[in-house]
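Colleague: The following block contains the structure, expressed as structure tokens.
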Amino acid sequence: MNIVFIGPPGSGKGTQAKRLADSNHVPHISTGDILREAVRNTTELGKQAEPIMASGGLVPDDLMIGIIHERLQQADAASGFILDGFPRTVVQAEKLEKVLVGNGHGDLQVLHFLVPDEIIVRRIVSRRSCPSCNAIYHLENAPSKVEGVCDRCGSALVARTDDTEEAVRKRLDAFRKQTLPVVDFYRQKQSLKDVDGNGPVDQVFERIEKSLS
Ligand code: AP5
């Protein structure tokens, strides 16, 4: 199970990747989560990434490729993984192919999530995230049991700094300019399937399972 989730911000990649990873016992590798942890720990990577992420831009390819190269060599990824947020540029996609061949991983299955922009903005401005365990909530669609507190680990929930309407518009722009060419890259290789990401979480999950089977 070597799976890549591609989609615009707020299309539900993280929500669905966590669920699919849990049910298939493979790691959910989210480059956004890795970068946010680096920012929290004020590592060199975090210091470089923080202003770029806050503005809705993309972190340089060489940094991202290094992160994924190292992560995919870890033992838990040997029998499969779900990549969420990588690759986001054609350079990253090409490099990923080389890394997978080098590691002896099998072929990729790529799912591309489609969600209209107005729904994306509504999802993102009301998202709340757990900075400790990365659980994802939404004030109306997926609220925590106790307002502002993570159901899983009890930490205080936060709104991400890039979850403003202004940053979301920039992230959507970055997706169109830099990541849609990645969708074409995989479509040409016939390893990509489109998934309608609009609708209740359970229904989208069923579509994902059907696409993969
Ligand atoms: P990243 O964290 O990857 O952000 P993203 O791709 O913009 O995606 P999001 O996390 O915003 O959304 P999602 O699709 O996971 O949706 P979610 O499930 O949370 O990256 C952040 C930044 O890091 C980038 O902007 C960039 O700067 C940098 N970065 C990361 N990777 C990089 C790379 N490879 N190269 C360069 N830079 C990189 O859902 C959203 C909300 O909707 C939640 O509230 C959820 O509860 C709700 N929701 C989910 N599904 C449904 C549904 N079906 N119905 C109703 N509500 C739903």
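Colleague: Which lysines does LYS98 reach when only Cα atoms under 20 Å apart count, and residues fewer than 8 places away in its own chain are ignored?
Modeller: Straight-distance partners of LYS98: LYS189.
Colleague: Gaussian network model of the chain, Cα springs within a sub-10 Å range: biggest mean-square fluctuation belongs to which of GLY14, GLY104, GLY148?
Modeller: GLY104
Colleague: Enter the accessible area per residue of segment 64-213 (Å², integer; probe 1.4 Å; all protein chains in place).
Modeller: Working: 8140 Å² over 150 residues.
With the other protein chains kept in place, segment 64-213 gives 54 Å² per residue.
Colleague: Can you work out D for the chain in µm² s⁻¹ from Stokes-Einstein, where Rh is the Kirkwood radius over C-alpha pairs, the temperature is 20 °C and the viscosity is 1.002 mPa s? Working shown, then result.
Modeller: Numbers: Rh = 17.5 Å.
So the translational diffusion coefficient is about 122 µm²/s.
Colleague: Now, a different point. How many angstrom lie between the Cα centre of segment 134-210 and the Cα centre of segment 72-109?
Modeller: For segment 134-210 versus segment 72-109, the Cα centre distance is 20 Å.
Colleague: When the chain is treated as a GNM, springs tying every alpha-carbon pair under 10 Å, which of ILE65, ILE119, ILE29 comes out with the largest mean-square fluctuation?
Modeller: In the Gaussian network model the winner is ILE119.
Colleague: Can you give the FRET efficiency to the nearest 0.05 for SER126 and GLU209, using r as the Cβ-Cβ distance and R₀ = 30 Å?
Modeller: 0.65
Colleague: Taking all protein chains in place and a 1.4 Å probe, what share, in percent, of the accessible surface of segment 1-139 do carbon and sulfur account for?
Modeller: Carbon and sulfur together cover 52 percent of it.
Colleague: In the structure shown, do any of LYS95/LYS170; LYS18/LYS193; LYS13/LYS47 have a Cα-Cα gap over 23 Å, and if so which?
Modeller: Too far apart for the 23 Å limit: LYS95/LYS170; LYS13/LYS47.
Colleague: Which of ASP194, ASP162, ASP62 moves the most in a Gaussian network model of the chain with Cα springs under 10 Å?
Modeller: ASP62
Colleague: Per DSSP H run of n ≥ 4, the term is -39500 (n - 2.57); total these for the chain, divide by its residue number, and report the mean residue ellipticity at 222 nm rounded to 500 deg cm²/dmol.
Modeller: Calculated from helices alone, the mean residue ellipticity at 222 nm is -14500 deg cm²/dmol.
Colleague: Let me know the shape class of segment 159-213, please: from the alpha-carbon gyration tensor, a ≥ b ≥ c as square roots of the eigenvalues, rounded when a/c is under 1.5, otherwise prolate if a/b is greater than b/c, or oblate. The partial results should precede the final answer.
Modeller: Numbers: a/c = 3.53, a/b = 1.28, b/c = 2.77.
Cα axes put segment 159-213 in the oblate bin.
Colleague: Can you list the aspartates and glutamates whose alpha carbon is less than 20 Å from that of LYS210, not counting same-chain residues fewer than 8 positions off?
Modeller: Hits, sequence-local ones excluded: ASP22, ASP84, ASP107, ASP194, ASP196, ASP202.
Colleague: Same structure again: Once ligands and nucleic acids are excluded and a 1.4 Å probe is used, how much of THR89 is accessible, expressed in Å² to the nearest 10?
Modeller: Accessible surface of THR89 is approximately 20 Å².
The values are calculated or read from the model by the stated rules, or taken from the named source; none is laboratory data. Every value quoted in this text rests on a predicted model; they were computed, and no experiment measured them. Ideal geometry is used to build each Cβ from the backbone, glycine not excepted, and the neighbour counts take in all protein chains shown. The area values use the complete protein model at the heavy-atom level, side chains included, leaving out ligands, DNA and RNA. Shrake-Rupley method; radii C 1.70, N 1.55, O 1.52, S 1.80 Å.
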